[in-house]
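S.K.: Following this message is one structure expressed as structure tokens.
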Amino acid sequence: MRTLIILTLLAVLVMAATCYESHESMESHEYLNPFINRRRANDFIQADMRLEAISQERIRERIKAPQERQREICEDYYPCELYAFRHGYAAAYRHYFGRRRTK
């Protein structure tokens, strides 16, 4: 009988030691609600920085490099695109559109 009581007390102590929830694990309060709402999710980013980044992206979309414009022109013209596969877009653009003079 004495052995049974000692084993029971030992089991209770082991259970208390392994199932104890410390204060550190309760600090974050994530155990109650692990998800946060959309507004709080992006609180660490300032709004002005986001707007500035978006405006810079729009400026970069409008102002393209000359090589990119030439490549798009060449991609729209099928013989130029075929020539570009073999010789590159710069050579293809010069071959098909380089001799043109705009007034």
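S.K.: Sort 78-91, 2-15 by the packing proxy (mean of other Cβ within 10 Å over each peptide's residues), most packed first.
M.R.: On the way: 78-91: 13.8, 2-15: 9.3.
The packing order, highest mean first, is 78-91, 2-15.
S.K.: In nm, to one decimal, how far is the modelled label at ARG94 from the one at GLN56, with both set 7 Å along Cα→Cβ?
M.R.: My value for the distance between the label points is 3.4 nm.
S.K.: I would also like to ask the following. 7 Å from Cα along Cα→Cβ at both ILE36 and GLU68: what's the point-to-point distance in nm?
M.R.: Distance between the two pseudo-spin positions: 3.4 nm.
No value in this document is a laboratory result; all are computed from the given coordinates. What you are looking at is a predicted structure, and each value in this text was computed from that prediction instead of being measured. When we count neighbours, we look across all protein chains shown, and the Cβ atoms used for this are built from the backbone with ideal geometry, even at glycine.
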